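S.K.: I'd like to ask you about the structure that follows.
The values are calculated or read from the model by the stated rules, or taken from the named source; none is laboratory data. What you see is a predicted model; the values in this text were computed from it and never measured. Virtual Cβ from ideal backbone geometry, glycine too; neighbours counted across all protein chains shown.
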Amino acid sequence: MPHRDSGRNKQRKLPPLKGRPFELRGRIWFDAAEGTFLGHGRVALMEHIRELGSITKAAKAMGMSYRHAWRLIDSMNRQAPHPFVITVKGGAKGGGARVTEHGERAIELFRQLDREFREFLEEKTRSASFD
C-alpha cells in the first residue's frame, strides 16, 4: 500500500552532509489495512502521553489538535491486537490516559527498528560511490 502524504510532511531543512556530496535518506513506518499503523508521529504521541498522562497535554505539546491525537490513538488501538493507549475516566485527578504494556513494547520495537534503519542508511551512504 503506498504511503499517503496528506501534505503535512513538507520538505524539511536537512542537516549538513558532513563533507559527503550526498546522503541516503529514508523513514520507516508500519502500514496496515487502514493505512499507517505506527510511525514516528504516533510513537512520539505515545511518548508524550506516557510523560504527561493526558491526550490533551500530549497533543498540545506536539502542536496538534486533541481530535487529531484521538484519531491517531483510535486508529492504532483498532489495528493492534491489544490497545496501546487507554483512557481513565474522571476521579479525583480528573482522569487521563496511559500507555499500556503493549504500547510500551511497540515504542521500544519501533525505536530499535528505527536505530537499525538509520545505521543501515549511514553504512550505505558511506559505501556508495558514483565514480
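S.K.: Those residues that are without any contact (Cβ under 8 Å) to a residue 40 or more places away in the chain and either touching a Pro at 6+ places or on another chain (Cβ under 8 Å) or of a type outside the set (A, V, I, L, M, F, W, C) (or both), I need them from region 77-97; list them, please.
M.R.: Taking region 77-97 as the starting set, the residues that turn out to be without any contact (Cβ under 8 Å) to a residue 40 or more places away in the chain are 77, 81-95.
If the condition is that a residue be without any contact (Cβ under 8 Å) to a residue 40 or more places away in the chain and either touching a Pro at 6+ places or on another chain (Cβ under 8 Å) or of a type outside the set (A, V, I, L, M, F, W, C) (or both), then ASN77, PRO81, HIS82, PRO83, THR87, LYS89, GLY90, GLY91, LYS93, GLY94, GLY95 are the ones that fit.
S.K.: Of all the residues that make up region 98-131, how many are outside any helix (DSSP H, G or I) and either out of contact with any Lys or Arg (no Cβ under 6 Å at 6 or more places or on another chain) or touching a residue at least 60 places away in the same chain (Cβ under 8 Å) (or both)? Step through it out loud before you land on a result.
M.R.: Taking region 98-131 first, the residues outside any helix (DSSP H, G or I) are 98-100, 128-131.
Then drop every residue that is not either out of contact with any Lys or Arg (no Cβ under 6 Å at 6 or more places or on another chain) or touching a residue at least 60 places away in the same chain (Cβ under 8 Å) (or both), which leaves 98, 100, 128-131.
Total meeting the criteria: 6.
S.K.: Moving on. What about ALA106, is it modelled with pLDDT of 95 or more, farther than 30 Å from SER129 by Cα, hydrophobic (A, V, I, L, M, F, W, C) and out of contact with any helix residue (DSSP H, G or I) (no Cβ under 7 Å at 6 or more places or on another chain)?
M.R.: Working: modelled with pLDDT of 95 or more: yes; farther than 30 Å from SER129 by Cα: yes; hydrophobic (A, V, I, L, M, F, W, C): yes; out of contact with any helix residue (DSSP H, G or I) (no Cβ under 7 Å at 6 or more places or on another chain): yes.
Criteria met by ALA106.
S.K.: Could you please give the count of residues in region 29-53 that are more than 28 Å from LYS89 (Cα to Cα) and among the aliphatic types (A, V, I, L, M)?
M.R.: Residues flagged as more than 28 Å from LYS89 (Cα to Cα) and among the aliphatic types (A, V, I, L, M) within region 29-53 amount to 2.
S.K.: Is it the case that some residue within region 54-62 is β-branched (Val, Ile, Thr), in contact with a strand residue (DSSP E or B) (Cβ under 8 Å, 6 or more places away or on another chain) and not in a helix (DSSP H, G or I)? Quick ask: steps written out before the conclusion?
M.R.: Looking only at region 54-62, we keep the residues that are β-branched (Val, Ile, Thr), and these are 55-56.
With the extra rule that they be in contact with a strand residue (DSSP E or B) (Cβ under 8 Å, 6 or more places away or on another chain), the set shrinks to 55.
Next cut, not in a helix (DSSP H, G or I) only: none.
Scanning region 54-62, I find no residue that is β-branched (Val, Ile, Thr), in contact with a strand residue (DSSP E or B) (Cβ under 8 Å, 6 or more places away or on another chain) and not in a helix (DSSP H, G or I), so the answer is no.
S.K.: From the list GLY7, GLY35, GLY19, GLY63, pick out the single residue that is at pLDDT below 85 and over 29 Å from SER127 (Cα atoms).
M.R.: Numbers: GLY35 fails: at pLDDT below 85; GLY19 fails: over 29 Å from SER127 (Cα atoms); GLY63 fails: at pLDDT below 85.
Being at pLDDT below 85 and over 29 Å from SER127 (Cα atoms) holds for just one of GLY7, GLY35, GLY19, GLY63, which is GLY7.
S.K.: Out of the residues in region 63-90 that are aromatic (Phe, Trp, Tyr) and part of a helix (DSSP H, G or I), which is surrounded by the most Cβ atoms within 10 Å (Cβ to Cβ)?
M.R.: Within region 63-90, the subset aromatic (Phe, Trp, Tyr) is 66, 70, 84.
Subset that is part of a helix (DSSP H, G or I): 66, 70.
Working: TYR66: 14, TRP70: 16.
Step by step, filter region 63-90, then rank; the result is TRP70.
S.K.: Looking only at region 76-97, count how many residues are touching a Ser or Thr at 6+ places or on another chain (Cβ under 8 Å) and closer than 21 Å to GLU51 by Cβ. I'd like the intermediate steps shown before the answer.
M.R.: Of region 76-97, the ones touching a Ser or Thr at 6+ places or on another chain (Cβ under 8 Å) are 82-86, 95-97.
So of that shortlist, the ones also closer than 21 Å to GLU51 by Cβ come out as 83-86, 95-97.
Residues that pass the stated criteria total 7.
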